[in-house]
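These notes concern the structure reproduced below.
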């Protein structure tokens with residue numbers, strides 16, 4: 001669904017609420033030319049207590065951490081951004097939605113160095129269903145290992161959620177879709193499994209979970225962390241600093257993606273090789289079920305993970 005088809009009309013930008021169509025920037029904005037922006041993607045879920053933003057504080061913490069390598073000063077504190085986000089969701093009467101905060105170097109000069117370019121910041125929220133399709137949650141998706149490699153953390157800070165870095169994700173994802181797959185898996189420069197274009201990945205083998213560690217050039221995903229905690233609380237052994245070879249994908253009992261947009265999405269085939277029985281596996285199903293039980297607040301546990309609107 002395009003934005004033109006959505007009933008959204010407000011964006012918070014640089015401290016004030018604007019009409020959706022008025023939230024604009026200059027064509028010579030530094031972040032547009034050099035990818036010098038940072039962003040987050042969070043979900044707000046409909047619950048019996050009203051809309052609830054999932055792990056908002058962790059998303060905000062990562063936003064500020066992402067700013068550090070670029071020496072980007074965000075002049076708005078946690079409390080102000082939280083109040084703005086809650087009010088934005090409330091003003092648009094959104095029961096559930098996706099939330100996108102973004103900060104970037106703005107318009108003033110156009111050397112590669114941002115120099116005295118101001119830091120701009122905006123928050124938008126809109127309805128957004130399951131990222132890879134509703135049927136994907138139950139049936140799983142087909143993916144391919146991309147020919148594009150993930151950049152190394154020695155080249156670019158991979159744990160900063162930077163706008164420009166997602167060109168790599170775009171290339172990998174579009175390559176997959178051109179070849180008839182729903183999504184890609186990206187290897188790091190050493191040829192080990194890193195992540196998806198916008199997701200972390202988990203492998204299940206002999207009832208235990210494995211997910212690439214931060215040293216594999218991955219983003220430290222908040223949904224990844226959530227699944228690690230939920231799985232351990234369910235009694236599973238989770239190896240969260242794993243090194244996973246490409247070949248291990250094909251021999252896995254189960255595979256699944258995690259992410260704020262993708263949530264918990266099973267993978268049924270990799271490069272046309274069937275994973276397990278070719279359907280959502282029992283471990284994935286249990287973790288996925290627990291995840292949605294938590295985010296939809298059908299349990300009183302993990303209350304500290306929610307910011308209510």
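Of all residues in region 135-151, those satisfying the criterion of being surrounded by fewer than 17 Cβ atoms within 10 Å (Cβ to Cβ) and farther than 18 Å from residue 255 by Cα are 147, 149.
In region 82-98 there is at least one residue matching the filter, namely being under 23 Å from residue 167 (Cβ atoms), touching a residue at least 40 places away in the same chain (Cβ under 8 Å) and in contact with a strand residue (DSSP E or B) (Cβ under 8 Å, 6 or more places away or on another chain). For residue 268, state whether it is part of a strand (DSSP E or B) and either in contact (Cβ under 8 Å) with a residue 24 or more places away in the chain or in the same structural domain as residue 161 (by TED's automatic domain parsing) (or both). Criteria met by residue 268.
Every condition in (1) assigned by TED's automatic domain parsing to the domain that holds residue 176; (2) outside any strand (DSSP E or B); (3) within 23 Å of the chain's Cα centre (by Cα) is met by residue 304 except one, and the failing one is (1). Within the span defined as region 243-260, one or more residues are surrounded by fewer than 17 Cβ atoms within 10 Å (Cβ to Cβ), without any contact (Cβ under 8 Å) to a residue 12 or more places away in the chain and either in contact with a helix residue (DSSP H, G or I) (Cβ under 8 Å, 6 or more places away or on another chain) or assigned to a helix (DSSP H, G or I) (or both).
Looking at region 184-202, is at least one residue surrounded by fewer than 15 Cβ atoms within 10 Å (Cβ to Cβ), assigned by TED's automatic domain parsing to the domain that holds residue 278 and either touching a residue at least 60 places away in the same chain (Cβ under 8 Å) or in contact with a strand residue (DSSP E or B) (Cβ under 6 Å, 6 or more places away or on another chain) (or both)? Among the residues of region 184-202, not one is surrounded by fewer than 15 Cβ atoms within 10 Å (Cβ to Cβ), assigned by TED's automatic domain parsing to the domain that holds residue 278 and either touching a residue at least 60 places away in the same chain (Cβ under 8 Å) or in contact with a strand residue (DSSP E or B) (Cβ under 6 Å, 6 or more places away or on another chain) (or both), which makes the answer no.
At least 1 residues being more than 20 Å from the chain's Cα centre (by Cα), farther than 30 Å from residue 227 by Cα and modelled with pLDDT of 95 or more is the threshold, and among the strands (runs of 3 or more DSSP E) wholly inside region 4-111 those reaching it are 10-13, 16-19, 97-105. For residue 165, indicate whether it is closer than 24 Å to residue 61 by Cα and either surrounded by fewer than 24 Cβ atoms within 10 Å (Cβ to Cβ) or free of Cβ contacts under 8 Å to residues at least 12 places away in the same chain (or both). Judged against the criteria, residue 165 is a match. Does at least one position in region 61-75 carry a residue that is assigned by TED's automatic domain parsing to the domain that holds residue 106 and over 30 Å from residue 111 (Cα atoms)? No, that holds for no residue. Under the condition of being surrounded by 17 or more Cβ atoms within 10 Å (Cβ to Cβ) and either outside the structural domain of residue 188 (by TED's automatic domain parsing) or out of contact with any helix residue (DSSP H, G or I) (no Cβ under 9 Å at 6 or more places or on another chain) (or both), which residue from region 222-236 is farthest from residue 165 (Cα to Cα)? Per the stated criteria, the residue is 228.
The values are calculated or read from the model by the stated rules, or taken from the named source; none is laboratory data. Just so it is clear, the model here is predicted, and its values are computed rather than measured. FYI the Cβ positions are ideal-geometry reconstructions off the backbone, even for glycines, and counts take in every protein chain you see.
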